[in-house]
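Below is one structure; the comments refer to it alone.
The values are calculated or read from the model by the stated rules, or taken from the named source; none is laboratory data. Fair warning: this is a prediction, and the values are worked out from it, not measured in the lab. Cβ placement follows ideal geometry from the backbone for every residue including glycine, while neighbour counts extend to all protein chains displayed.
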Amino acid sequence: MLPTIRSATLDDVPAILAIEQHAPSAAHWTSQQYQKLVGSGILLVAEEAEKLSGFVCAQAVAGEWEIENVVVAADFLRRGIADKLVSVLIQRAESGAAAAILLEVRESNLPARRLYEKHGFCEVGRRPVYYRDPVEDAILYALRFDR
């Protein structure tokens, strides 16, 4: 059963933080940063039986959206949740007149790279030695919309 995808509320922030803190590869943010995204950014959550199973957050700047974090709780991995979150984010960006969605991902994160490529993202560059622990390149992806 696929989850319901909806916009996050301030009440979701503690659950978002709990999911993020148990995901070592996620970008780790403060409660205040997520609260700000609820009010001014794009923060979608996946919910099943009133429990959050994952989230995606992005920033919109000058007509382009940048995916900042896609995280699925460990108990819900391999159930299509990240796929659904990214799909809904793409729909919202496209209907919101975004020109493109951009992101960066660890070179070794093959599951994430396959997910983005499945949704039409194309590799557009590389940032050498971008990540730490371990040191690794970032692969840059873009999904451009015809406008």
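Per-residue answers, yes or no, for (1) among the charged types (D, E, K, R); (2) modelled with pLDDT under 95; (3) surrounded by fewer than 17 Cβ atoms within 10 Å (Cβ to Cβ):
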{"residue": "L10", "(1), (2), (3)": "no, no, yes"}
{"residue": "H22", "(1), (2), (3)": "no, yes, yes"}
{"residue": "L37", "(1), (2), (3)": "no, yes, no"}
{"residue": "L44", "(1), (2), (3)": "no, no, no"}
{"residue": "V61", "(1), (2), (3)": "no, yes, yes"}
{"residue": "A74", "(1), (2), (3)": "no, yes, yes"}
{"residue": "G80", "(1), (2), (3)": "no, yes, yes"}
{"residue": "V86", "(1), (2), (3)": "no, no, no"}
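Within the stretch 2-15, can you find the residues that are of a type in the set (A, V, I, L, M, F, W, C), without any contact (Cβ under 8 Å) to a residue 60 or more places away in the chain and under 11 Å from S53 (Cβ atoms)? Talk me through it step by step, then tell me what you get.
Residues of the stretch 2-15 that are of a type in the set (A, V, I, L, M, F, W, C), as a first pass: 2, 5, 8, 10, 13, 15.
Next cut, without any contact (Cβ under 8 Å) to a residue 60 or more places away in the chain only: 8, 10, 13, 15.
If the condition is that a residue be of a type in the set (A, V, I, L, M, F, W, C), without any contact (Cβ under 8 Å) to a residue 60 or more places away in the chain and under 11 Å from S53 (Cβ atoms), then A15 is the only one that fits.
Do the conditions hold for Y130, that is, is it of a type outside the set (G, A, S), surrounded by 14 or more Cβ atoms within 10 Å (Cβ to Cβ), on the phi < 0 side of the Ramachandran plot and modelled with pLDDT under 95?
Yes.
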Point to revise | Subset of the stretch 57-76 (residues that are over 12 Å from L102 (Cα atoms), touching an Asp or Glu at 6+ places or on another chain (Cβ under 7 Å) and among the small types (G, A, S)) | key: none
Review point. Considering E94, E48, which residue is touching a Phe, Trp or Tyr at 6+ places or on another chain (Cβ under 7 Å), touching a residue at least 12 places away in the same chain (Cβ under 8 Å) and surrounded by fewer than 17 Cβ atoms within 10 Å (Cβ to Cβ)?
Key: E94
Review point. Pick from the stretch 89-127 the residues that are within 24 Å of R78 (Cα to Cα) and among the hydroxyl-bearing types (S, T, Y): which of them is modelled with the highest pLDDT?
Key: Y116
